[in-house]
Every structure is written in structure tokens, then in C-alpha cells.
Amino acid sequence: MKKYSIIIAVLSVMFCSVSSCKKAFLDEKPYSSYTPLTLTDSLGFEASLIGLYNHVSTIFSWSDQQGWPSVWQVGTDVANATNNQQGVEIPYYNYATLTPTDNGASRTWNRNYILINLTNIIVDGIESPSVTSLSAKGKSLINAEAKFFRAYAYNNLSTCFGGVPLITHALTGPKTDFVRAPIADVNNFIVADLQYAVENLPDIEAVKTNTKGKMYGRANKFMAMQLLAEVYLRMNKPDLAEQQAQAIINSGKFSLVRNRYGVKTSLPGDYYSDMFQYGNQRRIQGNTEAIWVLEQENPASVVGGITDNPQQRRVWGAAYYNIAGMALADSLGGRSIGRLRLSNWVLYRLYSGTDVRNSKYNIRRRYYYNDPAPAYASRYGKPVPFTGPDTLQNICPSTTKWAAFDPNDTFGYAMIKDFILMRLGETYLLLAEAQVKQGKTGEAAITINALRTRANADQVVSGQMTLDFILDERVRELIGEENRRMTLMRTGTLVERAIRLNSNDAVKPITGLTNTHLLLPIPLNEIQLNKDAVLTQNPGYN
């Protein structure tokens, strides 16, 4: 009985507290994720800037949908899905299934608009008159870094979707009346942000430091110049794009890698493959082409060194260990699962001669039995024959750029390599594209020959210089690095090139591709939640 009396007494006190005793107890005090962080000092701004790099890495790492890297490659001219697809990539080769409910399009929209709001918080804060603890130069540096990332996000969105809602300040509450800005307005906004970034970001040498704890990959003005060149090309202003690319090349800060360097020079390889070895990718590690490297760290030694678990190695590499007599090996790039396969055009028709980019160290075309177990002794060291469906996933030729073996993760779930997002090789390609679009085919040939000389490939002449050739050369140089879908969307060539070069060769052939797919669908949930205005859908999507 005493026990029940105590319970009744406690309930009485609770009732008193919740009702007449303290009426304010019921007053709601919502804490919304829209409420912007108040930034007032250098430590707050610095932490917020570092957070931008963390968020950008989530654009490339999404383990819930392991086929995410395939979204940007399969169904184009360079790659096909295999039978080991996961699902998110299906609408990107079976285009009839690409609808406004698509996960890939929604993820693209979501990641980039979150990045925009994060940058707007910083820009609003640093431009506030109430912030007086920082010098004018310190403010402009913070502002420039944030504006670079804002421009980066808007360029991703406008390339993928066209005109999009233009949000120039941090959201302070729910908003349900977004409208799409004209693409010209979005482009002008991007250009203004990047021009500010070029003027106010530091030289790359200023962020190349040995100081412990510093990020060597922090934003520099050449990152803004490279992105600006790409944006000008998308805007059909090749003369302005040429100026930006020439300025990077002529800066004297970068040079094409022509000699072996770094962590594996004692092992077989070549100078081109050295760029993509774990431990060689950063400028501080000897990569003289590096303009923007998004650094990742092994989480076994650095807590939070990667976001999520990037799947690039598992997607791009072959699942060779499924072959009896094959064992996981560092020399074969660790464990991959072959979610995509390079197109026959890339494998058999793209490269010629002695092009180093097609060497066995850069595209692995041959496999040898390597399991020393007694059961496989008779075949040990012999070549694995290319027969049957194994060639589509298990021993398919593949780029080695994502190969890496982590002894702390022999299962190979995460990928710990850095993301090389901008390098000098692409600068030459952007320059050549700008020159071709201006009819400067002789100059474009000189530009392309700089890359081909480095690659020990045959020289080209002005008569070969077309946009198609430049797009071919981008594959030779950047396969496994560039977002191929966005390149072809930017240049308006996705449909023609995918159908001409890669429509009938695959186990998962390209179907249903039309000009509709030069843009992605606006996510349906964004349209439905936008109840107080019309967020128009891209043509061709229902």
C-alpha cells in the first residue's frame, strides 16, 4: 500500500508541474535545423569552413547506395553496368525508368543545396557589420573560400538541372515558395562568386605547408580559375574560358608529371600511374599536377578521416578473387566487386600505339593466378583465360586509379584514397576545348600535343581538332576521374556519343536515351513540398 501511495504522490506533483503550477511548461520552444549558426570570431568561421570540405566529401561517398559512382559513368560512352548492379544506377542506362522519384537526382539536389546553405551561413556572417574582430583581408579570405564552394554547388546543380532556385542567404525557417531562376541568372551568380574567389583566395603555395594539422588541400585561387574556365565553356564563352586556363598553365605553379616519384618507385609502374598511388596524390606528396585534392584519411589512424564509406574502388575494379585460383592482393588493388565495366569503345578502340595511359599499370587487362594454395599449384603464375561471363565482372579490364589495399580492411568496404578533383591534365583539355570552339584548331593541336607528348602517344594535327576529339582525349586522360555524365551534359553530347559509341555492346545495354536526359528531373518531393509556388519540372519528365 505504501508503494502505491508514493506513486500517487509523484503523479500529483507531476500534474501540478504540468498544469496550473507552471503554465509556461507547455510553451513550445522549437530548435530548428534552419536556425543559422551565429559566427562571430575566427575560430567559428574556421570550423565552419572545414565543415564544407567534410560535406563535399559526402557528395562522393554514399555507401547506402553503393552504385552511386556508377550513376555518373554507366549509360554514357565510357561504361556499362554489370550484373552486380545495386539499383541506384539502373535509371542511368535504362533511361525510361529515370523519373522525378529517382534517388540519384534527389541525392544530387540534396547534397548541393545543403552545401549552399552552409556557405550562405558563412557569407552572411562574414559580411555582417557586427563582425569586427577580423581584419578586412581576413574577412575577404573567409568570404572567398565560402563563395568558391557556393559556386561549385551551383555549377553542379545548373549542369544537372538547368535553371534552379537561387538562394543567396541562409535559410532561417521553412520555405515553401521556391521558383526556378533563369539559367542566365544562375550562371551570372556563379561567375560573380568565382571572380571574387580568384581575386581573394591565396596562391597555392600559401596552402602548401608542412605545419602539423594543416589541410594541404584548402582552397586556392587556381581552383576557382579552373572551375571558372569550365563554367565559361558551359556558358559558351570560350574566349573567357581560354584566359582562365592559360593563366593556370602559364602560372609556373604546376607541371605535367613526366617522371616517376613517390611511394612505389621501387616497384614496377610508370610516371602516370604514380599520380594515383595512395600517398602520392597530394601536391605535398610530389603530385605537381594537383590543383584540388580532397583529402581523405585512414579512419584507423584518424577518427573521422573519411565520411561514410566511399565505394569507388569497389565500383571501378574487377572482382578477380571470384575466380578459383585468385586471391586478394595489394598488387591487384585490393578487393573490388565490379559494379561497372569499361565500354568496348574504351577498351578496344580508344587508345593506340604506346600511349602510357593505356599501359598495364593504368588499365589492367591481364590477370594471373596468384593463390599459392596446393589446390591451385598447377595453375599458379599462369594467365587467367578470358572466357565467358567472367570477362564482364570478375576479370574485366579496369582502370587502376582507384586500386588500394588497406590492411585494416581486407574485406575492402571503404575506400581511403584522396579524391583528385582538379589537376593540370584537365586544364589542358579545357584550354583545347575553348580553342576549338573559337576555331583555333592549330593552337588546340599544340595544347593536346602537350598531353600526348607526356603520354608517349602519337601527335595530332589541326585538322583532327574537333569537340569530339577533345571529348575522346578527356577519356584517355581522365577515365575514372571525371564525372563523365556531367561532362557530356555540359557539352550537350550525351545522347549522340552514348548511342554511337556504347549502345549495343553491354550486358546491360543503353535504352530509352533521348534529349530529355540532357538534364535530370527535378525531384518530385521538392515539387510537392513547395506548396506556395510552382517549381517547374524539366521537359519530358512526368
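Shape call for region 407-515 from the C-alpha gyration tensor, a ≥ b ≥ c root eigenvalues: rounded (a/c under 1.5), prolate (a/b greater than b/c) or oblate? Judged from the Cα gyration tensor, region 407-515 comes out oblate (a/c at least 1.5, b/c at or above a/b). Mean residue ellipticity at 222 nm, helices only, the chain: -12000 deg cm²/dmol; runs of at least 4 DSSP H residues each add -39,500 (n - 2.57), and the sum is divided by the number of residues. The overall shape of the chain, judged from the alpha-carbon gyration tensor, is prolate: a/c is not under 1.5, and a/b is greater than b/c. As a proxy for reagent exposure, 205, 482 were ordered by neighbouring Cβ count within 10 angstrom, fewest first; the result is 205, 482. Ordering 102, 41, 468 from the fewest to the most neighbouring beta carbons within 10 Å gives 41, 468, 102.
For the pair region 343-393 / region 416-460, the C-alpha centres are spaced 29 Å from each other. Once the C-beta distance of residue 47 and residue 377 is scaled by a Förster radius of 45 Å, the resulting FRET efficiency is 0.20 to the nearest 0.05.
Across the alpha-carbon set of region 301-363, the Rg to Rh ratio works out to 1.06, Rh being the Kirkwood radius. In plain terms, the residue of 386, 148, 45 with the fewest other Cβ atoms within 10 Å comes first and the most crowded comes last, giving 386, 45, 148. List every residue whose amide H lies under 5 Å from the amide H of residue 79, counting only residues 5 or more places away in sequence or on a different chain, with H placed 1.01 Å from N in the peptide plane. HN-HN under 5 Å from residue 79: 343. Cα gyration tensor of region 331-415, axes a ≥ b ≥ c as square roots of the eigenvalues: rounded (a/c below 1.5), prolate (a/b > b/c) or oblate? It is oblate, given that a/c is not under 1.5 and a/b is not larger than b/c. Extension gain for residue 263-residue 301 works out to 11.8 nm (0.36 nm per residue, less the C-alpha to C-alpha distance). Taking a sphere under 13 Å around the Cβ of residue 326 and counting the other residues whose Cβ falls inside, with K and R at +1 and D and E at -1, yields a net charge of +3. Of the cross-linked pairs 237/401; 401/440; 139/221, which ones have a Cα-Cα span greater than 27 Å in the structure shown? The pairs that break the limit, which is 27 Å between Cα atoms, are 237/401; 401/440. Around the amide H of residue 422, modelled in the peptide plane, lie the amide H atoms of 291, 292, all under 5 Å away and 5 or more residues distant in sequence or on another chain. Across region 466-542, Cα-Cα pairs more than 17 Å apart make up 58 percent of the total. For the pair residue 464/residue 130, report the inter-label distance in nm, with labels modelled 7 Å from Cα in the Cβ direction. Distance between label points: 6.2 nm.
Rule-based calculations on the coordinates, nothing more; no lab input. Values in this document were obtained by computation on a predicted structure and should not be read as measured data. We place every Cβ from the backbone using ideal geometry, glycine too, and count neighbours over all the protein chains shown.
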